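Step one of this worksheet: look at the structure below.
The values are calculated or read from the model by the stated rules, or taken from the named source; none is laboratory data. Not measured: the values here are computed from a predicted model. Cβ sites come from the backbone with ideal geometry, for glycine too, and all protein chains shown count toward neighbours.
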């Protein structure tokens, strides 16, 4: 069994060469020097021990092996893109437990007016906890853990 290490970059280069049928055009699309693309192709063919392209003076043509290989290369690139997208989406997915400590009035307001709006946002478990400061804490102030956020409110002035 062959012990091949095929890198996504190599596969992408082969796929683009096959699509353009030209090393020069592939190099332009990849933003690489033509000599580097040619070297990647030669190294790839040497590593696998088979020719992927027939070279003519005008363009490249896939060999029978290249024709059979290309669907596997494209499928591998698609799977790699799906994996990268999954990881990126997972990192930015809204999930986890959120606990909100607030006075009774704010908890009531959130329960009535806000909770139904955030039900469709990711996998968030929301917990509302009533926390009313005692008079001395209200006047002195209260220190909370940095992980906690405390909401307070004042009633509107009576007219």
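Please determine whether any residue of the range 56-68 is surrounded by 12 or more Cβ atoms within 10 Å (Cβ to Cβ), at pLDDT 95 or above, out of contact with any strand residue (DSSP E or B) (no Cβ under 8 Å at 6 or more places or on another chain) and within 23 Å of residue 81 (Cβ to Cβ).
yes
Determine whether the range 115-130 contains at least one residue that is at pLDDT 70 or above and over 30 Å from residue 89 (Cβ atoms).
Checked against the condition, which is being at pLDDT 70 or above and over 30 Å from residue 89 (Cβ atoms), the range 115-130 yields at least one hit.
Quick one: which residue in 61, 75 is assigned to a strand (DSSP E or B) and assigned by TED's automatic domain parsing to the domain that holds residue 18? Even if it seems obvious, please write down each step before you answer.
Details: 75 fails: assigned to a strand (DSSP E or B).
Being assigned to a strand (DSSP E or B) and assigned by TED's automatic domain parsing to the domain that holds residue 18 holds for just one of 61, 75, which is 61.
Go over the candidates 98, 114 one by one and state the one that is over 30 Å from residue 13 (Cβ atoms), touching a strand residue (DSSP E or B) at 6+ places or on another chain (Cβ under 6 Å) and without any contact (Cβ under 8 Å) to a residue 40 or more places away in the chain.
Numbers: 114 fails: touching a strand residue (DSSP E or B) at 6+ places or on another chain (Cβ under 6 Å).
Of 98, 114, the one residue that is over 30 Å from residue 13 (Cβ atoms), touching a strand residue (DSSP E or B) at 6+ places or on another chain (Cβ under 6 Å) and without any contact (Cβ under 8 Å) to a residue 40 or more places away in the chain is 98.
Return yes when residue 51 is over 19 Å from residue 8 (Cβ atoms) and in contact with a strand residue (DSSP E or B) (Cβ under 9 Å, 6 or more places away or on another chain) and no when it is not. Explain how you work it out, then say what you get.
Working: over 19 Å from residue 8 (Cβ atoms): yes; in contact with a strand residue (DSSP E or B) (Cβ under 9 Å, 6 or more places away or on another chain): no.
Against the criterion (over 19 Å from residue 8 (Cβ atoms) and in contact with a strand residue (DSSP E or B) (Cβ under 9 Å, 6 or more places away or on another chain)), residue 51 does not qualify.
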